[in-house]
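Note sheet for the following structure.
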Amino acid sequence: MQKKILVTGATGFIGSRLVRKLVSGEGEVFALVRNSSRLAPFSGVLDKINLVEGDVTDRSSLDKALEGIDEVYHVAGYTYMGGEESRDDLLYAINVDGPRNLLRAALGAGVSRVVHVSSITAVGMCDGRTPLDESAIWNFDTVGLTYAETKYRAEQVVQQAVMDGLDCVIVNPAFVFGAGDVNFNAGRIIKDVYRRRMPVYPLGGICVVDVEIVVDTIIRAMKRGRTGERYIIGGDNLTYKQLADTISRVTGAPRVMVPLPFMLAKPLLSLMKRLHFGKRVSKLFNLSMFRVASEFLFFDSSKAERELGMQHEAHEFSIRRAFEWYLKHGLL
């Protein structure tokens, strides 16, 4: 008898790539979607997927969706790194209450295992440039990023579910590039360097990884991950200058040459606003995101390599694949 596998956040970047991988396996795949969800991410495989209507903020819909389900990949989440406090309630509703609803429903439905897809922002920021591992003490509260707070709180919810008897594993993907990023999450930086809308670069750094490695490792976590453990899914650790240089080399765009310390970001943003330059520069250039980008989010993925068999690939291959996919689909 085939296992029944449910994916939340199935129409998102990581979720849709995960679904595509799962339908080629041995399980029967169910995708949790809202009635307003676009199904374009399932193009070519829609006939292999069972659509289940529901929402992680609606517990009753989850109780129904999880009937008979064996395994759950919880990928649903709301990613917002701007500074608008008006978004805070939505961030908490989806990123904290959502996992709580799902895990309680999973306990009630007798689900055998859940993989919770978290974020490196739930791990922390480096003190210097030494990569962090899964044992790091969370310190994102020092920059006031609500998104990071919600991802950290969600992991506490998962650990409580483990204490309550649910078999859960946590994975923490880094900055994810690759084909399928239609909403330009990490890919925004590719688009903006290519369009010459990134005149400066922040002085921090980031860990980058390809979406296909992320998806493959998430599936491995379901099969081999240890209950209650977290696994960082990362790759190359790069300064933003190094990342921008790679993007310039791949896309043929001019190199980004001007560094911008965080202390100068606020007055520059104020000047740009007065001069109505907002539409000429990257959407990544808001004070909240620039504050985070001025830190080093370098990570050590050796635990996932050792225990899950995670693969490694040079970041330039992922940047090139993503760029070529954007060109092919007319998104640039």
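The values are calculated or read from the model by the stated rules, or taken from the named source; none is laboratory data. Fair warning: this is a prediction, and the values are worked out from it, not measured in the lab. All Cβ positions, even for glycine, are placed from backbone atoms using ideal geometry, and neighbour counts span all protein chains on display.
Quick notes on this structure:
- Hits in region 142-155 - residues which are part of a helix (DSSP H, G or I) and either within 15 Å of V117 (Cβ to Cβ) or under 18 Å from the mean Cα position of the chain (by Cα) (or both): T146, Y147, A148, E149, T150, K151, Y152, R153, A154, E155
- Exactly one residue out of L90, L107, L62 is in a helix (DSSP H, G or I) and under 18 Å from the mean Cα position of the chain (by Cα), and it is L90.
- All positions within region 194-226 that are modelled with pLDDT under 95, out of contact with any Pro (no Cβ under 9 Å at 6 or more places or on another chain) and buried (at least 22 other Cβ atoms within 10 Å of the Cβ): M198
- Candidate set from region 110-129 (those that are within 22 Å of the chain's Cα centre (by Cα), among the hydroxyl-bearing types (S, T, Y) and assigned to a loop (DSSP other than H, G, I, E, B)); member that is nearest to E295 (Cα to Cα): S119
- Residue in region 267-276 that is touching a helix residue (DSSP H, G or I) at 6+ places or on another chain (Cβ under 8 Å), modelled with pLDDT under 90 and not acidic (D, E) present: yes
- Condition check for Y73: touching a helix residue (DSSP H, G or I) at 6+ places or on another chain (Cβ under 9 Å), hydroxyl-bearing (S, T, Y), at pLDDT below 95 and closer than 22 Å to R100 by Cα: no
Condition check ((1) closer than 24 Å to I232 by Cβ; (2) touching a strand residue (DSSP E or B) at 6+ places or on another chain (Cβ under 6 Å); (3) buried (at least 19 other Cβ atoms within 10 Å of the Cβ)) across all residues:
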residue: D70; (1), (2), (3): no, yes, no
residue: A76; (1), (2), (3): yes, yes, yes
residue: G82; (1), (2), (3): no, no, no
residue: A148; (1), (2), (3): yes, no, yes
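- Residue match in region 159-179 (condition: surrounded by fewer than 22 Cβ atoms within 10 Å (Cβ to Cβ), closer than 22 Å to I14 by Cβ and at pLDDT below 95): yes
- Index of the failed condition, M81 passing every other in (1) assigned to a loop (DSSP other than H, G, I, E, B); (2) closer than 26 Å to T227 by Cα; (3) among the aliphatic types (A, V, I, L, M): (2)
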